[in-house]
Structures are given as C-alpha cells and as structure tokens.
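*Asks:* I am attaching a structure below and will ask some questions about it afterwards.
The values are calculated or read from the model by the stated rules, or taken from the named source; none is laboratory data. Not measured: the values here are computed from a predicted model. Every residue, glycine as well, gets a Cβ built from its backbone with ideal geometry; the counts of neighbours run over all protein chains shown.
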Amino acid sequence: MEQRSKSSRGKLKEENKNSSEVFASCSFSSLGLHSTLCDQLKERLGFEVPTQVQAQAIPVVLSGRHVLVNAATGTGKTVAYLAPIIHLLQNYDKRIQRSDGTFALVLVPTRELCMQVYEILQKLLHRFHWIVPGYIMGGENRSKEKARLRKGVSILVATPGRLLDHLKNTSSFVHTNLRWIVFDEADRYCILILSKQALDALLGIPNVLDKSVTKGNSAATPEVQKQNLLLSATLNEKVNHLAKISLENPVMIGLDDKKILQNVNRNRISLEPDMADRVEESRKMLSSSAEEYKLPAQLVQRYIKVPCGSRLVVLLSILKHLFEREASQKNFYIWKHQFVLLAR
C-alpha cells in the first residue's frame, strides 16, 4: 500500500513538472488581452492559462514587433498570434467594416491546417461579430471564395497557391489595409510549395513587407507599422532565408539564451549587452545556424503490431481511450466533438 502511494506521488510530481514546462504561471488577462477575448479562450477552447510560448509571444505581438517563433507542435502557436491580432483589431477607435477588406493574412501549408486555424478563429470571434473570418484554399469553389472576398474578410486564412490565384485574378480582393502577415508552419510550405516565383509574388503584396504606413485607411490607426510573424517547428535553411527577407529586427521566441549563445559563439558573432543588439545579432545568426528540431515535451511514442486490415479499428480504439482518459468533466464535449471530427 505504501509502495503504491509512493508511486502515485511520483507520477503526480512528474505530471506537475511536465505541466510547468508547458504552461505558464500567469493568466491571459495579465498578458494584456481584452476580457471578452479571455472569456472566449476559456469557454470556447477550454484554455484557462496560457502555454509558455503564448505567454512569451502575445505581449510581443501586441507591441508591434516582428516575431520569429520556433516551438514544437502542440504548444499553442495558433492562439499565440490569433489572440493578439483579434485584440488589436477590436481595439480600434472606429470599428472596422467588411468594406475595409483584409487586415490580417494567415498563410498555412495545407487544407487541413487551414480549416483548423479557421475553426479556432471562428470560436475566438464569437463575440466580435464585426471582425469577419474567412478562408481560401485549393480544392474549394473559386466563385464562392471570390464572393466572400468581394464582401470583405477581416482575417483571412489561406494556402499560398490559392492566395496567389486570387491576387492575380480577383480584382475585388481588397488588401490595401493589410497590417499583419503570418507564416504558420513555415518550414512545411517553404519546402513543399513556395517556388522563387511564388515567393516573389507573395512578398510583392502591397504593404505586406512595407515598413511605412498606408495613408487613407478609414479604420486603421495612423502611425502603426506593418507586422510580420513567422512560426515554425524547425529552423532550416529555407526558413532562415524567409525570416531574413520578411522580418526586420525580430524578437526570437523558443530559442533559449544558452542555444543563442552557443550558436553565436560557433559563428563568432560578438554579443552586445544592449537588448536591441542582442536581437539583431540573433537574427543574423539564423542565416548560418544548423537546422534545429523541436519535439513537444509531452510527446509519448508507442507502437502496437496489428494485422494490416485492423489498423484503422485499433487506431480509433486507442484514440477513443486516450480522449476519454484526458477529458475532464468541464471540456468533455469539446473532446467528444474533436474525436467525432477525427473519426469521419
């Protein structure tokens, strides 16, 4: 009995340790987010406290700095950029309108990720009805997408190929007020999709990488700089190249001080005590740093040998067991909904 009690305490300590590595000790409201947005994070997504990545990234995005986030899958990178963008949009003195066009563009590599980001965006915007979400992606009806763009989409989630298509062929696509561009999972579409021609076209979007501010915006606040965000689970040569040409003096999130110092020493770059110089030197270090891979700290890998015809049944059974074990009474219906979507 005593041995079992010690074992339970050991597991509890391990769980608390893993939790502290993933989650921060602050609240979303303490990061500067609107109270209504904090409520949506809790009610719609079941997020009561931010992850470490969110706690670091949200204040930086709110400050207007360019950001490079290198963090593992499952650390909450999507909320880390959507939440502050929504906060800033709802905070304009004059409410934005659909006719103002697109203010934020989120680039994702696949259809699946496009829908995932869009679903999270919809939930966060539940009480901000004047901020309109939308998506465009390959395989969808172009005419319907064109109609949505004509009406106006405030925050647009897009795959690069379909975005390029609409930039060339949809004259009613208003993006003159574009303030944010987010490269999500940049390591994946940099390799799979973005050719030099496509990249040149994307970076040629008016105001996307322009450091100056467009005049005559009816909703946007004057004196606000354009802001680019790049998120990736790995750092490779192509991601580094994209960061170099799209980010200006970015804040690095996910690279700890020891790793930065090791890379700096390896590349013989002197580090000044001033924070601005430190960030600049870190950015320069990207062009020659080796590829970095990050795996989630909570990742557990298992395998079971099964007959080929039974793989799907066994996989669904395992997922169902894991979902039921992890689901608390408060967010049970969220887990159930996710499992049903996965099983389709």
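*Asks:* Counting only residues that are at pLDDT below 95 and under 30 Å from Gly74 (Cβ atoms), give me the helices (runs of 4 or more DSSP H) lying completely in the stretch 95-170 with at least 2 of them.
*Replies:* Ranges flagged: 111-124, 160-169.
*Asks:* What number of residues within the stretch 67-90 satisfy the criterion of being of a type outside the set (A, V, I, L, M, F, W, C) and modelled with pLDDT of 95 or more?
*Replies:* Our first condition is that a residue be of a type outside the set (A, V, I, L, M, F, W, C); within the stretch 67-90, this holds for 70, 73-78, 81, 84, 87, 90.
Imposing the further condition that a residue be modelled with pLDDT of 95 or more reduces the set to 78, 81, 84, 87, 90.
Residues meeting the conditions: 5.
*Asks:* Which condition number in (1) over 22 Å from Val239 (Cα atoms); (2) in contact with a Gly (Cβ under 7 Å, 6 or more places away or on another chain) is the one that Tyr92 fails?
*Replies:* Checking Tyr92 against (1) over 22 Å from Val239 (Cα atoms); (2) in contact with a Gly (Cβ under 7 Å, 6 or more places away or on another chain), the one that fails is (2).
*Asks:* Only one of Leu68, Leu62 is free of Cβ contacts under 8 Å to residues at least 40 places away in the same chain and either more than 20 Å from Leu156 (Cβ to Cβ) or not in a helix (DSSP H, G or I) (or both). Can you tell me which?
*Replies:* The unique qualifying residue is Leu62.
*Asks:* When the stretch 71-83 is examined, which residues are found to be small (Gly, Ala, Ser) and either without any contact (Cβ under 8 Å) to a residue 24 or more places away in the chain or crowded, with 24+ Cβ neighbours inside 10 Å (or both)?
*Replies:* Matches in the stretch 71-83: Ala80, Ala83.
*Asks:* Restricting to the stretch 17-59, what's the tally of residues that are touching a residue at least 60 places away in the same chain (Cβ under 8 Å) and among the small types (Gly, Ala, Ser)?
*Replies:* Final tally of qualifying residues: 2.
*Asks:* I would also like to ask the following. Test His87 against the stated conditions and say whether it is assigned to a helix (DSSP H, G or I) and either over 23 Å from Ala233 (Cα atoms) or not assigned by TED's automatic domain parsing to the domain that holds His166 (or both).
*Replies:* yes
*Asks:* So which of Leu271, Leu235, Leu242 is at pLDDT below 50, touching a helix residue (DSSP H, G or I) at 6+ places or on another chain (Cβ under 8 Å) and either in the same structural domain as Gly76 (by TED's automatic domain parsing) or closer than 29 Å to Ile181 by Cβ (or both)?
*Replies:* Leu271
*Asks:* A further question on this structure: Looking at (1) under 20 Å from the mean Cα position of the chain (by Cα); (2) closer than 17 Å to Val174 by Cβ; (3) assigned to a loop (DSSP other than H, G, I, E, B), which is the only condition Thr73 fails?
*Replies:* Here Thr73 meets the rest and fails (2).
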